[in-house]
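S.K.: Below you'll find the structure I mean.
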Amino acid sequence: MTNRRERRAALGALGRVGRAELNELKGITETDPAKLELAGALRVTGKGRDVEILANGNSEQLLEQLKSYSPEELKVESLSLEEIFVASKTLKSNA
């Protein structure tokens, strides 16, 4: 379980990022996720044909880029509080 100091640090990092703008794009594509070139993505992960992209306020731009790979399925989801907390750690380590 996380302590109060870690939660505050995460929320502080999110304050700089913009909590409402963090989204996750999910899709199914023939292209290996490691080979996707998506300018502006905070994180691109995937396994097999499934790809997950962490976006900060540029979901529409990333959707258009992802469409160029002709995905079978594509959707945008808001992050849960737990996912925002995990994402804030990723953003902090990339800063």
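Just so it is clear, none of the values below were taken in a lab; they were calculated from the coordinates. Please read all numbers here as calculations on a predicted model, not as lab measurements. Neighbour counts are summed over all protein chains in view; Cβ atoms, including those assigned to glycine, are modelled from backbone coordinates with ideal geometry.
S.K.: Starting from the Cα of VAL76, step 7 Å along the direction of its Cβ; do the same at THR45; then give the gap between the two resulting points in nm.
M.R.: For VAL76 paired with THR45, the spin-label model returns 2.1 nm.
S.K.: Moving on to the next point. If the reach is capped at under 19 angstrom between alpha carbons, list the lysines near LYS75, excluding any in the same chain fewer than eight residues apart.
M.R.: Of all the lysines, those that pass the test against LYS75 - Cα under 19 Å, at least 8 places apart if same chain - are LYS26, LYS47, LYS67.
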